[in-house]
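One structure below.
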Amino acid sequence: MISAFLFRGLAGRIAWVAAFIALLGILVPLSNLMLPSDHALYVPDYIVSLFGKYLTYALLAMALDLVWGYCGILSLGHGAFFALGGYAMGMYLMRQIGSRGVYGDPILPDFMVFLNWKELPWYWYGFDQFWFAAIMVLAIPGLLAFVFGWFAFRSRVTGVYLSIITQAMTYALLLAFFRNDMGFGGNNGLTDFKDILGYTLQNPATRAGLFAAAAFALSLALVISSAIVRSKFGKVLLATRDAESRARFLGYRVEHVKLFVFTLSAMMAGIAGALYVPLVGIINPGEFAPANSIEVVIWAAVGGRGTLIGPIIGAITVNLGKSWFTAQFPEYWLFVLGGLFVAVTVFMPKGMLGTLSSFSDKVKSLKPAPKPSQTEAGEMRKEGEAS
Amino acid sequence: MIDSNTQVTSTLLYLDDVSVSFDGFKAINGLSLAIEPGEMRAIIGPNGAGKTTMMDIITGKTRPDTGDVLFEGQMDLTQHDETEIAQAGIGRKFQKPTVFESQTVRENLELALSGNRGVWASLFYRESEADAARIEEILQTVRLQQRANELASDLSHGQKQWLEIGMLLAQDPKLLLVDEPVAGMTDAETVETAKLLREISKTHSVIVVEHDMGFIRDLDVKVTVLAEGSVLAEGSLDHVSAHPDVIESYLGR
Ligand SMILES: Nc1ncnc2c1ncn2[C@@H]1O[C@H](COP(=O)(O)OP(=O)(O)O)[C@@H](O)[C@H]1O
Ligand SMILES: [Mg+2]
C-alpha cells in the first residue's frame with residue numbers, strides 16, 4: 001500500500017527533480033572528499049556547507065508550500081517549527097559536548113553552569129541519545145502544530161486572521177526563548193557544538209555527510225509530498241483551498257484535512273531545522289523572528305507556489321541572491337527582498353516555475369498542428385452546442 | 001395530521017416552528033414544513049423570503065434561534081454541523097453555482113462520490129471500476145462527457161449548474177436541496193434541467209427553490225409558498241396561484 005502510494009508521487013517531473021537532488025547528495029560529497037582541490041569539478045568545503053544550508057531552506061519552503069500552495073493556509077509561523085526542530089537537534093549536540101565545555105561539567109551545558117544551575121532540567125533528559133532527539137525533532141513541532149491547528153481550525157479561523165496568529169505564535173516563542181530561565185541558553189542560544197554521532201563537526205567529511213543527509217531528506221520529502229497531492233486527499237486539499245464550505249457540504253471534515261497537512265508540514269519544517277543547526281553550528285532565538293517566517297513565504301512565492309518544486313528553486317535562488325547582495329550592498333538587501341516580493345506578486349503570480357511552464361505551453365501552442373485530443377474535444381464541443 | 005405520531009416518524013424532514021433573526025430582522029419566522037420520503041417539493045417566494053436561509057438551517061450552516069429540525073424522525077439537525085449533516089445524507093446545490101474551479105469536471109465528481117471521507121481513506125483511495133463507471137454514468141446524465149477532463153472554471157454558467165447537480169448525484173444523498181437551479185440558464189437548458197430533476201426525484205427526495213414559474217409548472221409537484229420567513233400557502237401550483245395572499249405578496253412587491 002505504502003509503496004504504491006509513494007510510486008504515485010514519482011509521476012512527471014517530480015521523479016526527475018527528486019532523482020537529481022538525491023544524485024547531488026551523492027556527487028557533491030564525493031567530489032568534495034575525493035577530488036584534488038585544483039580539479040575543475042572540485043566542490044570546496046564552504047560551498048558544501050552553504051548549499052547544505054540552502055537545501056534545508058528548500059525543505060522548509062516546500063513544507064510551507066504543502067499548506068499554503070495546496071491548502072490555502074498562509075502560515076507566517078513556519079520559522080517556528082524550523083527553529084523548534086533546530087533546538088531539539090541543538091540540545092542533542094549540546095549534550096554531546098560533555099565535559100569538553102569551558103566549565104568541564106560532564107552533564108550540564110556551559111550556560112547552565114554559568115547560571116549556577118545545579119542539575120539538568122527534566123526536559124533536557126534523553127537528549128544525550130540521538131534517537132530520542134530525532135523523535136523530538138518530529139514530535140515537538142508536530143505537537144505544537146497539532147495543538148495550534150486543533151484550536152484554530154476548529155474555531156474556523158482562516159485567511160488573514162490565521163496568518164496573524166501564526167505570527168503571534170512565533171513571536172511568543174521568540175520572547176520565551178530569549179529568557180535565560182527557560183533553560184535553552186537565552187539570548188546566545190545553543191552553540192560550540194563538538195560532534196554529531198561521534199563525528200567531529202569541524203571535519204569536512206562530516207559536513208559532506210550532513211549535505212548528503214539534507215539532500216536525501218529533501219528528495220524523500222518531495223516524493224512524499226507529491227504522493228500526497230496526487231492522491232484523492234490532494235484533491236480534497238485543493239477543494240478546501242478553493243471552496244472550503246462546499247467541501248464541508250460534501251461531507252468532508254475540513255478541520256481534520258487542515259490539521260493533518262499542517263502537522264505533517266510542521267514536522268518537515270522540524271527536520272529542516274534539525275539539519276540546519278549542525279551545518280551552521282548554532283541555534284538561537286533569532287530563528288523565531290517573525291521576519292524569518294515571512295521570508296520563507298517570499299521564497300515559495302518567488303519559486304511558484306502550489307508546485308512543490310517551485311519553492312525549492314525559490315529558496316535556493318533567493319538565498320543565493322541574498323549571499324551575493326549582503327556581501328556587495330549589505331544595506332539594501334531588505335529593500336531588494338521586498339521589491340522582489342511585490343514584483344513577483346504583481347508580474348509573476350505563479351512564480352518562476354509557473355511563468356516558465358506557461359511560457360513553454362505558449363511556445364508549444366504556437367506550433368501549427370495542435371494536439372489531436374484538443375481538436376477532438378473542440379469539435380465535440382461544437383456538436384454539443386449545436387444540438 | 002390525524003395521527004401525528006406516525007406522521008413524525010415517517011416524515012423525512014420535519015421543520016417545526018423554526019425562527020431565526022439576523023440583527024433583529026426575522027429572516028425565518030415560525031416556519032413549519034414536512035417533506036415525505038420520495039417526495040419532490042418546490043418552494044417559491046419573493047426575493048428575501050428566507051428560502052436560502054431555510055436551506056442554511058437544514059444543512060447546519062445557520063443555527064435557528066427556536067424550533068426543531070428533524071431528519072428521518074430522530075436526528076436533530078440543529079445539533080449537528082455541515083459535515084455531519086452531509087454525511088447523514090443531505091446534499092445541497094447552492095444558489096450561486098459552487099464547484100471546485102481549479103479541478104477538472106471529473107475530479108469534481110470524484111470528490112463528490114459517496115464513500116469514506118476520512119483523511120486516510122482519501123490518501124490511499126484507488127478508483128474502483130464501479131466508481132469509474134458511476135462517474136461515467138453521471139457525466140452522461142448531466143451531459144458533460146465531452147468536458148470531463150476540462151477545468152470546471154472553463155464551463156459555462158449553465159454547465160456549472162449541471163456539474164453541481166451531477167455532484168449531488170455522485171454524493172447520492174437521501175435528500176437533495178436545490179437552490180435556484182435554472183437561474184441564468186437559457187430556455188432550452190431550463191427545460192432540460194426540469195427533465196433532469198424529475199428523473200432524479202424518482203430515486204431521491206428533493207426540495208427545489210425556484211422563481212421561474214414555467215419551470216415549476218414543468219416539475220408538476222406540490223408547491224410551498226414562502227413569504228417573510230413563513231409558509232403562505234401550500235398545494236398544487238394552480239391552487240397556490242389562486243390564493244389571494246399569494247397574489248398580493250407577489251403583486252404587492
Ligand atoms: N447571514 C445573514 N446575515 C444577515 N442577514 C441575512 C443573512 N442571511 C440572510 N439574511 C437576510 O435574510 C433574508 C432572507 O434571505 P434569503 O434566505 O437569502 O432569501 P431568499 O433566498 O428567499 O431570496 C434577506 O433579507 C437577507 O438579507
Ligand atoms: Mg436565495
* To do: Please give the helices (runs of 4 or more DSSP H) falling wholly within the range A:241-322 in which 1 or more residues are within 14 Å of another protein chain (Cβ to nearest Cβ) and at pLDDT 95 or above.
  => A:244-249, A:254-280
* To do: Could you please give the count of residues in the range B:96-114 that are of a type in the set (Gly, Ala, Ser) and under 22 Å from B:Met185 (Cβ atoms)?
  => 1
* To do: Find the residue count for the range A:79-136, including only residues that are closer than 30 Å to A:Ile165 by Cα and of a type in the set (Val, Ile, Thr).
  => 1
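Table: residues versus (1) under 16 Å from the mean Cα position of the chain (by Cα); (2) outside the structural domain of B:Ile28 (by the TED database); (3) within 16 Å of ligand 2 (Cβ to nearest atom); (4) hydroxyl-bearing (Ser, Thr, Tyr).
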residue: B:Leu196; (1), (2), (3), (4): yes, yes, no, no
residue: B:Val208; (1), (2), (3), (4): yes, no, yes, no
residue: B:Met213; (1), (2), (3), (4): no, no, no, no
residue: B:Asp218; (1), (2), (3), (4): no, no, no, no
residue: B:Val221; (1), (2), (3), (4): yes, no, no, no
residue: B:Ala227; (1), (2), (3), (4): no, no, yes, no
residue: B:Ala233; (1), (2), (3), (4): no, no, no, no
* Asked: List, please: which pairs have Cβ atoms under 6 Å, are six or more places apart or on different chains, and start with a residue in the range B:25-51 that is more than 11 Å from ligand 2 (Cβ to nearest atom) and end with one that is among the β-branched types (Val, Ile, Thr) and in a loop (DSSP other than H, G, I, E, B)?
  -> B:Ala34/B:Thr11; B:Met40/B:Val221; B:Ala42/B:Val221
* If only one of A:Leu222, A:Leu238 is within 14 Å of chain B (Cβ to nearest Cβ) and either surrounded by 21 or more Cβ atoms within 10 Å (Cβ to Cβ) or touching a Leu at 6+ places or on another chain (Cβ under 6 Å) (or both), which one is it? -> A:Leu238
* Return a yes/no flag: does the range A:67-89 have any residue that is assigned to a helix (DSSP H, G or I), in contact with a Phe, Trp or Tyr (Cβ under 6 Å, 6 or more places away or on another chain), over 20 Å from A:Pro278 (Cβ atoms) and touching a residue at least 40 places away in the same chain (Cβ under 8 Å). => yes
* Positions within the range B:52-89 being of a type outside the set (Val, Ile, Thr) and within 16 Å of ligand 2 (Cβ to nearest atom), in sequence order -> B:Met54, B:Met55, B:Asp56, B:Lys61
* To do: Filter the range B:112-130 for residues that are more than 25 Å from B:Lys195 (Cα to Cα) and in contact (Cβ under 8 Å) with a residue 12 or more places away in the chain and give the result.
  => B:Gly115, B:Arg117, B:Glu127
* Residues satisfying the stated conditions in the range B:169-189, i.e. closer than 18 Å to B:Thr104 by Cβ and within 11 Å of chain A (Cβ to nearest Cβ) -> B:Ala170, B:Gln171
* Name the single residue, out of those in the range B:169-190 being touching a residue at least 60 places away in the same chain (Cβ under 8 Å) and among the hydrophobic types (A, V, I, L, M, F, W, C), that is nearest to ligand 2 (Cβ to nearest atom). => B:Ala183
* **Total residues in the range B:109-124, condition facing another protein chain (nearest Cβ under 8 Å) and more than 14 Å from B:Ile138 (Cβ to Cβ)** => 6
* Residue identified as more than 16 Å from ligand 1 (Cβ to nearest atom) and either under 23 Å from B:Gly118 (Cβ atoms) or within 14 Å of chain A (Cβ to nearest Cβ) (or both) among B:Gln87, B:Gln74 -> B:Gln87
* Report yes if A:Leu210 is more than 14 Å from chain B (Cβ to nearest Cβ) and closer than 30 Å to B:Gly115 by Cβ, otherwise no. => no
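Listed residues B:Val119, B:Val182; which is assigned by the TED database to the domain that holds B:Glu82 and among the β-branched types (Val, Ile, Thr)?
None of the others qualify; the one that does is B:Val182.
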* Which of the residues belonging to the range B:38-61 are more than 12 Å from B:Leu175 (Cα to Cα), more than 9 Å from ligand 1 (Cβ to nearest atom) and away from chain A (no Cβ under 14 Å)? -> B:Ala42, B:Ile44
* Entirely in the range B:161-247, the strands (runs of 3 or more DSSP E) that have 3 or more residues that are within 13 Å of B:Met40 (Cα to Cα) -> B:175-179, B:205-209, B:222-227
* Asked: With B:Arg106, B:Arg92 as the choices, which residue is at the interface with chain A (Cβ under 10 Å from one of its Cβ atoms) and among the basic types (Lys, Arg)?
  -> B:Arg92
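The values are calculated or read from the model by the stated rules, or taken from the named source; none is laboratory data. Note that the coordinates shown come from a computational prediction; the quantities given were computed from them, not determined experimentally. Ideal geometry is used to build each Cβ from the backbone, glycine not excepted, and the neighbour counts take in all protein chains shown.
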